[in-house]
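Reading through the structure tokens given below for one structure.
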Amino acid sequence: MLSEIERDRANPTIAFAWRLANALDIGLDRLLTKGERTVEQISVSGSHETPSLVNTDAKYSLRILSPMDLGGRFEWYEIALESGGLLESSAHEPGTREHLTVLRGAMKLTAGDTTRLLKVGDTARYFADQAHAIRNGGKSKASGLLVVVHP
């Protein structure tokens with residue numbers, strides 16, 4: 001059918017277009033537009049629309065800054081640790097990497113058997129397919145950006 005359409009010997013039906021869009025794993029609207037953008041040029045999410053994960057016992061919060069459609073592939077968070085705060089993570093899938101940049105205070109990062117102290121401006125890159133933890137051993141709040149890249 002595609003060959004017939006390409007040679008102007010047939011016109012596609014909506015049913016054919018729908019089957020083609022499903023086979024390509026795209027929406028029918030994307031298939032039928034001529035490269036036109038179907039989303040806003042600039043999309044802004046207000047702070048009230050940004051979901052957060054808060055654990056008051058462990059004294060940490062994570063603001064989920066990445067769009068939900070990238071979840072499981074590429075994620076980024078704003079991490080905040082109160083004094084004594086601890087974010088512990090089990091191993092992620094093999095090949096997962098994390099990137100932690102300290103914006104305020106200091107953080108102690110442990111990945112596997114290795115521990116490093118990070119100060120403002122430091123960025124640590126590490127394999128997250130092993131148990132890992134981020135701790136604030138200081139007396140003031142610490143914050144940073146955490147990026148998770150899945151294989």
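What follows is calculated from the coordinates using simple rules that are stated; it is not laboratory data. Keep in mind the model is a prediction, meaning the values are calculated, not measured. Cβ: placed from backbone, ideal geometry, glycine included. Neighbour counts: every protein chain shown.
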**Label point distance in nm, Ile26-Ala133, each placed 7 Å from Cα along Cα→Cβ** = 4.8
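Once you keep just the Cα pairs under 8 angstrom separated by 6 or more residues, what percentage relative contact order results for the range 51-151? Walk me through the numbers before you get to the answer.
On the way: 267 pairs, mean separation 34.9, N = 101.
Contact order relative to length: 35 percent.
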**Message:** Can you give me the distance in nm between label points at Glu93 and Ala17, each placed 7 Å from the Cα along the Cα-to-Cβ direction?
**Reply:** 3.4
**Asked** Could you give me the ³J(HN,Hα) list for the range 144-149, computed from phi with Karplus coefficients 6.51, -1.76, 1.60 and θ = phi - 60°, whole Hz, x at Gly and Pro?
**Response** x, 10, 10, 10, 10, 10
**Message:** What does the net charge come to around Gly84 if you take all other residues with beta carbon closer than 15 Å to its beta carbon, with K and R at +1 and D and E at -1?
**Reply:** +2
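In the chain, how many lysine pairs have Cα atoms under 17 Å apart, counting only pairs 8 or more places apart or on different chains? Spell out each step's value before the answer.
On the way: Lys59/Lys108; Lys59/Lys139; Lys59/Lys141; Lys108/Lys119; Lys108/Lys139; Lys108/Lys141; Lys119/Lys139; Lys119/Lys141.
Going through the chain pair by pair, I get 8.
Arrange Asp129, Asp25 by Cβ neighbour counts within 10 Å, fewest through most, would you? Please list the in-between numbers first.
Values: Asp129 18, Asp25 6.
The order, fewest Cβ neighbours first, is Asp25, Asp129.
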**Message:** With +1 assigned to the C-beta of every Lys and Arg and -1 to the C-beta of every Asp and Glu, and no other charges, what is the dipole magnitude of the chain about the Cα centre in debye, to the nearest 20?
**Reply:** 560
**Prompt:** Where does helix 14-24 land angle-wise versus the long Cα axis of the chain, in degrees 0 to 90, nearest 10?
**Reply:** 40
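Using only helices, what value at 222 nm comes out for the chain when you add -39,500 (n - 2.57) per DSSP H run of length 4 or more and divide by the total residues, to the nearest 500 deg cm²/dmol?
-3500 deg cm²/dmol
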**Asked** Just one of (1) 16.8, 57; (2) 14.6, 42; (3) 22.5, 75 is Rg and Dmax of the Cα atoms in Å calculated from these coordinates, so which is it?
**Response** (3)
